[in-house]
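The values are calculated or read from the model by the stated rules, or taken from the named source; none is laboratory data. All values derive from a computational prediction rather than experimental measurement. Reconstructed Cβ throughout: ideal geometry from the backbone, glycine too, with neighbour counts over all protein chains shown. In case anyone asks, the SASA skips ligands and DNA or RNA and just uses the protein heavy atoms, side chains included. Shrake-Rupley method; radii C 1.70, N 1.55, O 1.52, S 1.80 Å.
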Amino acid sequence: MKKSLVAIALACGATLVLHPVAHAQDFPSKPIRMIVPVPPGGSGDLVSRLTANAAAKELGQAIVVENRPGATGNIGTAAAVKAPADGYTIFLCSIGNCSVNSSLYANPGFDLFKDIAPVVLLGSSINVLTASPKSEIHSVEDLVAKAKRGQLSYASSGVGASNHLAGEMFKKMAGVELLHVPYKGSGPAITDLLGGQIDVFFDNEPSIAPFVKSGKVKGLAVTGKGRSANLPELRSMEEIGYKGFVIEPWFAIGAPAGTPAAVIQKLNAAFNKGLQDPVVRKTMSDAGINPLGGAPAVLGKHIRAEHDKWADLIRSQKISAE
């Protein structure tokens, strides 16, 4: 009696080799779940849905976005990395859950360097330093001078958000004190900035740019490596003299560690192809997000560099979310 293929494979101890290869050849054979650990409506949600739809066309299967916010991204990320490592669960990585949180929380619910398989870098944005229209702050130089004479406040969309870290970096580099006032999202912070309850705000370009363009808030500077195409009149912080003051919130795709390399490559290729779609690129650019892409290793190096950069600031400024 002939032995079955399964029996032969078992006898040879070959199942660990054969199974991932066969799986990768068939992948994807059903819809993919994409956990987005932020609320609907923000920049991360926009990038996730836009690129997921484009990648789904390349893969021939739907990518279903599932928003699971909470604990600044830890809840959704922890759920994603605990899912089966088969490629059918991916998630949104960002400056928060995939670089900052491991330094802010004693136990975020996952290990940044052991539980996450990098897939692809999607895009990056910048922050814009703005001042309340009711303040007498008209430039970064004004802000520094006034901060040295008396207490000023700066808003953030929450502890550990890029706009919080920007404020702390500014305090450190300018040698001034600013009162941190955290909000639950950018919306409430912008409302108080408009009303004069808050003096300044380093908000993400996609959410604050319309207010700068309309003159409702005063734009002072941007945190990119150069000027913004959407706000070209604003100098960069480096241009003003703050060397190394570069903050570029970013978005990427991660998967549970152990996901087969061939599956990661299929996902990577699909998202890279989707990022070349003219509609995707224009929509992202119009929102102040620079489309990126690249190999999984590029994202892996980016996560390590961002983690190290923000860990140093968090440690020196004694920032904690707990």
The rounded separation in angstrom of the Cα centers of segment 181-257 and segment 113-159 is 6 Å
Expressed per residue, the solvent accessible area of segment 178-277 in Å² (1.4 Å probe) is about 39 Å²
For segment 143-150, Karplus-derived ³J(HN,Hα) couplings (6.51, -1.76, 1.60; θ = phi - 60°; whole Hz; x for glycine and proline) come out as 4, 5, 4, 6, 5, 6, 8, x
Shape call for segment 114-190, from the Cα gyration tensor axes a ≥ b ≥ c (a/c under 1.5 means rounded, otherwise prolate when a/b beats b/c, else oblate), comes out prolate
The chain: antiparallel bridges as % of DSSP beta bridges, rounded to 5, reads 60 percent
Log entry: pair-distance distribution for the chain, C-alpha pairs binned every 20 Å from zero, whole % per bin is 32, 51, 14, 3, 0
The set of residues whose placed amide H lies less than 5 Å from the amide H of Ser156, leaving out same-chain residues fewer than 5 positions away, is Val181, Tyr183
In segment 124-238 the accessible area split gives carbon plus sulfur, as whole percent at 1.4 Å, a share of 52 percent
So, with points 7 Å from each Cα along the Cβ direction, the Gln276-Glu233 label distance in nm works out to 3.9 nm
Cα-Cα longer than 32 Å, checked against Lys282/Lys309; Lys146/Lys318; Lys216/Lys273; Lys172/Lys273, kept in input order, equals Lys216/Lys273; Lys172/Lys273
The answer for Gln61, listing residues at least 5 apart or on another chain whose modeled amide H is closer than 5 Å to its amide H, is none
Placing each pseudo-label 7 Å from Cα in the direction of the beta carbon, Lys216 and Glu136 end up separated by a distance in nanometres of 2.7 nm
Going residue by residue through segment 201-208, the Karplus relation 6.51 cos²θ - 1.76 cosθ + 1.60 with θ = phi - 60° gives ³J(HN,Hα) values, rounded to whole Hz and with x marking Gly or Pro, of 7, 8, 8, 5, 4, x, 8, 9
Within segment 128-210, the percent of DSSP beta bridges that are antiparallel, given to the nearest 5, stands at 35 percent
Calc'd 3J(HN,Hα), segment 154-167, phi into Karplus 6.51 cos²θ - 1.76 cosθ + 1.60 (θ = phi - 60°), Hz, glycine/Pro = x, comes to 10, 9, 9, 8, x, 4, x, 5, 4, 6, 6, 5, 4, x
Counting only residues 5 or more apart in sequence or on a different chain, those whose built amide H sits under 5 Å from that of Thr130 are Phe201, Phe202, Asp203, Leu220
